[in-house]
Amino acid sequence: MGKYINPFTDWGFKRLFGQEFSKPLLISFLNDLLVDELHVKDLTFRDKELLPPTKDQRGIIYDVYCETDTGERFIVEMQNRWQPNFLDRTICYTCRSILDQVDKGRAESEDAYKFLPVYTICFMNYMPRTDEVSKFRTDIVLADKDTKMQVSNKIRFIYLALPLFKNKAEECVTDFEKWIYVLKHMEALSRMPFTAQKEIFKQLEDYADSHRLTKKEWEAYENSLWVVRDNMACMAAAEREAREKGRAEGMKQGRAEGRAEGRAEGRAEGRAEEKKTIARNLLAMGLTIEQVAQGSGLPIEEVKSLQ
């Protein structure tokens, strides 16, 4: 077991960003995320379960839902695997937070639809599909299509696709980049970097140290780890099934065309690509180099080259 917890397990994520005692970590992260744009001095955690207005509608449960000292609301979501319509889901979450602010008792007043900004921040701990995002950080605002000028600051989406963040420790210049590096590699770290440069990382080190967990905390964390491992196994199986299906179809076509040699090469390439795909998924989930090598069947040096 690593020195530090996996921050992308459900329990680990909420320990670091969703607890009253670790609130300074979330405040620091938000300020570094929105540097020179918004400064959060304090925040209050709100009920993560937002009940529907009527019984025939679905409720919403946020990973982290909080309100700053000046009224802005932040939704922080962590997603470990691809899910259909994930971006649409985040839009729905944001809209529900907006509706939750609108006071229906002011229907006749000029402030009936007045609400404070909602920021939705999503950690995408998987390789995004081409129809989602194409870079590590994607910021979405309400802007004019032609001029690109922002017309409202009331809605903001920030998607962080962790597999697309490639910086090494020495390449991290901003505090935000340091945050992302630490979170992405935390479970594999033997010591916490940047503690001499930014005080908050010393606090992060304390809360993330797996050896400091109580027995009860350890059991909760271990259960959360098993969920991640089960998801990892399901993804690997799905990838393998898709590859096998593709190879079978390729073999069928190859036989019809009498290209035996091509089929053999195709199968070899398919197996190699399958292993790389599995390795990339495991890396994106924060596993160590050794764990990824064991799970994918690739040599350690080849796994390193995929980082």
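No value in this document is a laboratory result; all are computed from the given coordinates. In this text, all values refer to a predicted model and were calculated from it rather than measured experimentally.
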Note to self: I need the semi-axes of the equivalent ellipsoid of region 154-193: take the C-alpha gyration tensor, multiply each eigenvalue by 5, square-root it, list largest first in whole angstrom.
What the structure shows: 22, 11, 10
Notebook entry, point to check: Are any of the pairs LYS135/LYS276; LYS168/LYS275; LYS135/LYS166 more than 22 Å apart by Cα-Cα distance, and if so, which?
Noted result: LYS168/LYS275
